[in-house]
Structure formats: C-alpha cells, structure tokens
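The values are calculated or read from the model by the stated rules, or taken from the named source; none is laboratory data. Worth saying up front: this structure is predicted, and the values here are computed from it rather than measured. FYI the Cβ positions are ideal-geometry reconstructions off the backbone, even for glycines, and counts take in every protein chain you see. What goes into the accessible areas is simple: the full protein's heavy atoms, side chains included, and nothing from ligands, DNA or RNA. Shrake-Rupley method; radii C 1.70, N 1.55, O 1.52, S 1.80 Å.
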Amino acid sequence: MRFEELLERLFPLGSEVVADGRLVSGEGRTASGPVAIAGTRGGPTLGARELLFLSGRFLAVMRETPGRPILMLVDNRGQTMALEEELIGLGEYVAHCVKAQDLARRRGHRVIALVHGNSVAGGFIAFGLCAGRTY
C-alpha cells in the first residue's frame, strides 16, 4: 500500500503530513480530534539524524499540544550500522528517542505505533516498541 493510501485510510477526515525524505511528521484529523503523527516511510535505517528528528517531534507535541494522541508510523530497516554512528553514541540517541516516547505517555499522551512496513532490531527498539500499543 502506498503511504498516501495509508494516510487516507487512517484519516478519512484528512491529514497534513510533511515528508523530510523518509521521515514524516504532521497531524491527522479524526472524529475524536487531532492526532499528531511522527514516523518513517520507505524503510530507512535509523541513525542519529533520524532519531533526533523523531525525538524532537515528540518533544514538540508535548510542548505545543499537551495530551494530544501521537501516532507513530513505523517502517525502518533497523539502526544504522556504521562506525561513525557508533562513535558519536548511537545508543544514546536510541535511548533519547525511547525516553521521549515514555515521557509523552507519562504526560498523558496516548502513544500508538503502527508498523506499516518493516520494523527491525534496534530501529524497532528505538521507534515502535515503547508505544502504549503497537499494531
């Protein structure tokens, strides 16, 4: 299923999603109100840049729209397996992303992960496994 079709099925009332390469963010409209979106598409590997983007999305939602549900759209090929990523502390970026998801849940945001493609290894640990519900 194309990513655009997925959004149409999830949000028949509409959505505004911005893509930065394989990273996405935005908002979907539901009968119960708006839902924040943070995610991946097209199977990227998650390195420091991607994890900072996703963590930043969680932090922005918590700051700007307290309590808003967050939908994680998950499609990744795991963590970036590169010496440079390891040397700059990839594990810390993974932990930061997980902590942002946990903080959102503890602050009253419903956090749901929808795996719509691949979700592998450290990429799933970093982005998907810490949701309140994963589908």
Checking the structure you have, find out if any residue of region 89-98 is touching a Ser or Thr at 6+ places or on another chain (Cβ under 6 Å) and under 18 Å from residue 131 (Cβ atoms). yes
What helices (runs of 4 or more DSSP H) lie completely within region 59-135 and have 2 or more residues being among the β-branched types (Val, Ile, Thr) and either under 24 Å from residue 19 (Cβ atoms) or touching a helix residue (DSSP H, G or I) at 6+ places or on another chain (Cβ under 8 Å) (or both)? 90-106
Right, residue 41: open to solvent by 60 Å² or more (accessible area, probe 1.4 Å) and in contact with a Phe, Trp or Tyr (Cβ under 9 Å, 6 or more places away or on another chain) or not? yes
Filtered residues of region 88-135 (kept if open to solvent by less than 40 Å² (accessible area, probe 1.4 Å), more than 16 Å from residue 73 (Cβ to Cβ) and touching a strand residue (DSSP E or B) at 6+ places or on another chain (Cβ under 8 Å)): 90, 94, 122
Of the conditions (1) in contact (Cβ under 8 Å) with a residue 60 or more places away in the chain; (2) under 17 Å from residue 64 (Cβ atoms), residue 16 clears all except one; give me its number. (1)
Could you list all residues from region 44-68 that are crowded, with 17+ Cβ neighbours inside 10 Å and aliphatic (A, V, I, L, M)? 46, 48, 51, 54, 61, 62
Cβ-Cβ under 7 Å pairs, at least 6 apart or on other chains, region 118-135 side under 14 Å from residue 99 (Cβ atoms), far side crowded, with 20+ Cβ neighbours inside 10 Å and at pLDDT below 85: 126/79
Could you grab me the full set of residues in region 1-38 that are open to solvent by 90 Å² or more (accessible area, probe 1.4 Å) and under 16 Å from residue 124 (Cα atoms)? 22
If you go through region 86-99, how many residues are under 24 Å from residue 63 (Cα atoms) and out of contact with any Gly (no Cβ under 8 Å at 6 or more places or on another chain)? 6
What residue, of 10, 6, 52, is in contact with a strand residue (DSSP E or B) (Cβ under 9 Å, 6 or more places away or on another chain), of a type outside the set (Asp, Glu) and within 25 Å of residue 107 (Cα to Cα)? 10
Residue list for region 2-54, filter: more than 14 Å from the chain's Cα centre (by Cα), of a type outside the set (Gly, Ala, Ser) and either on the phi > 0 side of the Ramachandran plot or not in a loop (DSSP other than H, G, I, E, B) (or both): 3, 4, 5, 6, 7, 8, 9, 10, 16, 29, 30, 34
